[in-house]
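Just below is one structure, and these are the notes that go with it.
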Amino acid sequence: MIIYEEVLRGFQKEKVKYILVGGMAFNLLGGYRNTLDMDILVEMSDENIRKIVKILKKEGYKVKQPINPLLLADKKTRESWITDKHMKAFNFYKGDKSFEEVDIIIDSPVNFNEAKKDILKIKVGSLTVPVISIKNFIRMKKKSGRDKDLIDIKEVNLLKKLQ
């Protein structure tokens, strides 16, 4: 069994439109970074977000914010969170004693529709998961500008040269 397998299987079964980004994507692209959370870029339609919330709740995930997670489906609310609260991601966590967290990216220099054009489909165990392309991975990491993200960019550029 792989980490987050139940969630990924639920996404597959319900045809959730998502793309793995962040540390897990970096590892699947060939890099190595210790990471525990799962970052996803998703299609922000009401139906897709409802599916995601339902799956995460079924698997025991909760939200840290004292709000209804279905508000993610409302574009005006998301824009307010981004502008007024500087929110980059909406977090679900499994429990106080668990390391499992899922971050839904809501403010990204690469939107879902752009990213889906050149996703990589990578086999993980018995699942095939959509992973952000190296080009879009770099765009997202450049925007954040954190030290670990700049290191990821250098490493993924090295991996590109080796391919």
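The values are calculated or read from the model by the stated rules, or taken from the named source; none is laboratory data. This is a predicted model, so every value here is computed, not measured. Note: ideal-geometry Cβ built from the backbone for every residue, glycine included; neighbour counts use all protein chains shown.
Of the conditions (1) part of a helix (DSSP H, G or I); (2) within 16 Å of the chain's Cα centre (by Cα); (3) among the β-branched types (Val, Ile, Thr), VAL102 fails just one. Which one is it?
(1)
Regarding region 30-42, can at least one residue be identified that is assigned to a helix (DSSP H, G or I) and within 17 Å of ARG146 (Cβ to Cβ)?
No, region 30-42 contains no residue that is assigned to a helix (DSSP H, G or I) and within 17 Å of ARG146 (Cβ to Cβ).
Out of ARG50, ARG33, I need the residue that is of a type in the set (D, E, K, R), at pLDDT below 95 and farther than 22 Å from MET87 by Cβ. Which one?
On inspection, the qualifying residue turns out to be ARG33.
Which one of LEU72, LEU41, LEU56 is crowded, with 20+ Cβ neighbours inside 10 Å, at negative phi and out of contact with any helix residue (DSSP H, G or I) (no Cβ under 6 Å at 6 or more places or on another chain)?
LEU56
Being in contact with a Gly (Cβ under 7 Å, 6 or more places away or on another chain) and modelled with pLDDT under 95, is that true of even one residue in region 62-77?
The answer is no, given that none of the residues of region 62-77 is in contact with a Gly (Cβ under 7 Å, 6 or more places away or on another chain) and modelled with pLDDT under 95.
Consider region 21-36. How many of its residues are at negative phi, in contact with a helix residue (DSSP H, G or I) (Cβ under 7 Å, 6 or more places away or on another chain) and either among the hydrophobic types (A, V, I, L, M, F, W, C) or touching a residue at least 60 places away in the same chain (Cβ under 8 Å) (or both)?
So the answer is 6.
For residues that are exposed (fewer than 12 other Cβ atoms within 10 Å of the Cβ) and out of contact with any strand residue (DSSP E or B) (no Cβ under 9 Å at 6 or more places or on another chain), tally how many sit in region 109-134.
5
Do you know which residues across region 12-29 are out of contact with any strand residue (DSSP E or B) (no Cβ under 6 Å at 6 or more places or on another chain) and assigned to a helix (DSSP H, G or I)?
The answer is GLN12, LYS13, GLU14, GLY23, PHE26, ASN27.
For region 135-162, enumerate the residues that are surrounded by fewer than 16 Cβ atoms within 10 Å (Cβ to Cβ), aliphatic (A, V, I, L, M) and within 19 Å of ASP107 (Cα to Cα).
Across region 135-162, the qualifying residue is only LEU150.
If ASP96 passes every condition in (1) free of Cβ contacts under 8 Å to residues at least 24 places away in the same chain; (2) surrounded by 18 or more Cβ atoms within 10 Å (Cβ to Cβ); (3) charged (D, E, K, R) but one, which one does it miss?
Just one mismatch for ASP96, condition (2).
Conditions first: (1) without any contact (Cβ under 8 Å) to a residue 60 or more places away in the chain; (2) assigned to a loop (DSSP other than H, G, I, E, B); (3) closer than 30 Å to LEU158 by Cβ; (4) not aliphatic (A, V, I, L, M). GLY60 passes all but one, so which condition is the exception?
Exception for GLY60: condition (3).
Just checking, how many residues over region 107-121 are touching a Lys or Arg at 6+ places or on another chain (Cβ under 9 Å), in a loop (DSSP other than H, G, I, E, B) and under 20 Å from SER144 (Cα atoms)?
The qualifying residues number 4.
When the residues of region 75-93 are filtered to those that are surrounded by 12 or more Cβ atoms within 10 Å (Cβ to Cβ) and among the β-branched types (Val, Ile, Thr), which remaining residue is farthest from the chain's Cα centre (by Cα)?
Among those that are surrounded by 12 or more Cβ atoms within 10 Å (Cβ to Cβ) and among the β-branched types (Val, Ile, Thr), it is THR77.
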